[in-house]
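Step one of this worksheet: look at the structure below.
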Amino acid sequence: MLERLPELFEKSFGKNDKEVRKYFSPSRINIIGEHVDYNGGQVFPCAIEIGTYGLARKNDDMVLRLKSVNLDAKGEITLDPIEYKEENDWMNYPLGVCKFIKEAGYDIGGLDILVYGNIPNGSGLSSSASLELLIGEIVNDFYNKGKISKKDLALIGQKTENKFIGVNCGIMDQFIIALGKKDHAMLLNTETLDYSYFPFDLKDNKIVILNTNKRRELKDSKYNERRAESDKAFEILKTYKPSMTSLCDINKDELDLLDKITDPIIRKRAEHAIKENHRVLEATEALKAGDIEELGRLLIGSNNSLRDLYEVTGPHLDSITKHSNDFEGCLGARMTGAGFGGCGIAIVKADQVAAFKEYVGERYTKDTGLKAEFIESGIDDGVRRI
Ligand code: GLA
């Protein structure tokens with residue numbers, strides 16, 4: 001398909017003498033640190049080699065002309081004024097990015113853009129953040145000479161979700177897609193936005209992405225509800241520890257504070273966030289020490305917590321991670337991303353990957369009637385012109 005994009009571009013938008021440029025924006029997996037990025041916690045994601053491609057050319061009409069190869073959909077929307085409209089559907093993402101680039105004091109202008117993604121649909125690998133950063137990079141390159149920092153592009157992407165689309169997501173997805181580094185995972189402190197890279201060397205093991213093929217839509221999911229529950233937990237705990245600025249500010253030796261939360265649901269949510277945050281640092285230590293078995297155990301701990309305390313897994317993810325973790329050559333598997341369907345990840349002994357897929361695939365289909373997809377992808381750089 002990639003070779004056909006220039007021809008499709010011409011077919012969609014016609015030919016002229018303006019330059020057509022090509023871009024790639026990755027998708028992401030999160031190794032560990034789930035549902036803590038809106039609680040000031042640490043996350044440990046990687047950008048991956050599948051993602052969203054864009055071909056773009058300037059136009060003089062102050063409109064975005066967009067064509068999605070995947071959806072076979074085409075549209076034209078004005079950039080003056082910029083308004084959210086339900087009928088703009090997926091094009092609201094590019095529109096929102098332009099709105100907030102402009103609000104930040106940068107330039108925007110007309111563009112014809114062909115978009116093609118190889119991220120499985122609804123898989124929870126952040127196709128929307130990938131699209132946001134793609135558009136941000138294109139506008140930055142064509143109209144701002146690359147002046148907007150990658151970090152600001154990430155914040156603009158998040159703002160698009162929060163203030164234009166209505167999903168109260170954290171910063172993790174946009175940040176790793178903006179600033180990912182080949183063969184490295186990123187440790188990101190979501191409170192300060194300080195980050196560092198860790199070589200992602202799993203020795204004789206591989207990461208396998210487990211796509212449940214159970215579609216997940218953040219807009220319809222309980223994502224915003226979980227976020228509100230976390231905010232509630234924070235408010236309660238803050239009365240006991242006034243210095244805290246986010247839920248993840250509770251140290252390991254302060255876990256008794258959880259008993260102050262009387263509502264069992266809110267307490268469970270807080271317990272997940274606080275312990276998950278600690279697990280992330282343990283995971284980076286394990287990786288640094290080359291202790292992949294320990295990393296695997298931490299993944300399992302994270303998954304159990306997301307299933308039992310945060311309750312964001314559901315039957316499809318539970319089935320695929322259970323069978324993965326039952327397989328002897330799997331060091332650890334867990335859901336990744338928002339949950340409620342979508343994808344998991346597993347660390348599997350490299351020479352047992354084929355047997356793993358067969359073992360898990362068969363059992364998953366038996367449980368759910370769906371066919372799982374197993375994706376092996378390298379770890380990639382962040383968004384860029386190619
Ligand atoms: C989604 C959101 C992220 C993060 C994860 C859960 O991917 O976009 O901000 O909250 O869920 O860790």
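The values are calculated or read from the model by the stated rules, or taken from the named source; none is laboratory data. All values reported here derive from a predicted model rather than from experimental measurement. Quick reminder, even Gly has a Cβ in these numbers, built from the backbone with ideal geometry, and neighbours come from all protein chains shown. The area values use the complete protein model at the heavy-atom level, side chains included, leaving out ligands, DNA and RNA. Shrake-Rupley method; radii C 1.70, N 1.55, O 1.52, S 1.80 Å.
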With both partners inside segment 43-123, how many of the DSSP beta bridges are antiparallel, as a percent to the nearest 5?
70
Taking the dipole about the Cα centre of the chain, with the C-beta of Lys and Arg at +1 and of Asp and Glu at -1, give me whichever of Ile113, Asn168, Tyr195 is farthest to the positive side.
Ile113
Check cross-link reach from Lys241 to the lysines: straight Cα distance under 30 Å, and skip same-chain residues fewer than eight apart.
Lys159, Lys222, Lys232, Lys252, Lys260, Lys268, Lys275
Which of the trypsin sites (Lys or Arg not before Pro) across segment 1-104 are loop residues per DSSP, with 14 or fewer other Cβ within 10 Å?
Lys15, Lys18, Lys85
On the formula 1/(1 + (r/R0)^6), with r taken between the Cβ atoms of Lys241 and Asn118 and R0 of 41 Å, the FRET efficiency rounded to 0.05 is 0.35
The chain, accessible surface, carbon-and-sulfur percent (1.4 angstrom probe):
46
Take every DSSP beta bridge with both residues inside the chain and express the antiparallel ones as a percent of the total, to the nearest 5.
90
For Tyr38, Tyr106, give the ranking by accessible area with the largest first, probe 1.4 Å.
Tyr106, Tyr38
Please list His278, His35 in order of solvent-accessible area, largest first, computed with a 1.4 Å probe with all protein chains present.
His278, His35
Which of the lysines could be linked to Lys349 by a straight reach, that is with a Cα gap under 22 Å, when you skip same-chain ones fewer than 8 residues away?
Lys182, Lys203, Lys206, Lys288, Lys322, Lys357
How much of Arg267 can a 1.4 Å solvent probe reach, expressed as accessible area in Å² and rounded to 10?
80
For segment 19-121, just the Cα atoms, rotate onto the principal axes and tell me the three extents in Å, largest first.
44, 29, 28
Return the loop-located trypsin sites (Lys or Arg not before Pro) in segment 135-230 (DSSP other than H, G, I, E, B) with at most 13 other Cβ atoms within 10 Å of their own Cβ; answer none if there are none.
Lys145, Lys147, Lys203, Lys219
So how much accessible area does Asp183 have, in Å² to the nearest 10, using a 1.4 Å probe?
90
With 20 Å as the cut-off, how large is the P(r) tail for segment 171-299, expressed as percent of Cα-Cα pairs?
58
Once you have a ≥ b ≥ c as the square roots of the Cα gyration tensor eigenvalues for segment 184-237, tell me rounded if a/c is under 1.5, and otherwise prolate or oblate according to whether a/b is larger than b/c.
oblate
Hey, how much of the P(r) for segment 346-386 falls beyond 17 Å, as a percent of Cα pairs?
47
Compute the accessible area per residue over the chain, keeping the other protein chains in place, probe 1.4 Å, unit Å².
42
Just reorder Leu155, Leu295 by solvent-accessible area, largest first, 1.4 Å probe, all chains present.
Leu155, Leu295
Within segment 215-306, which GluC sites (Glu not before Pro) sit in a loop by DSSP and count at most 15 neighbouring Cβ atoms inside 10 Å?
Glu217
Scaled to the compact-protein estimate 2.2 N^0.38 Å, what is the alpha-carbon radius of gyration of the chain, rounded to two decimal places?
0.99
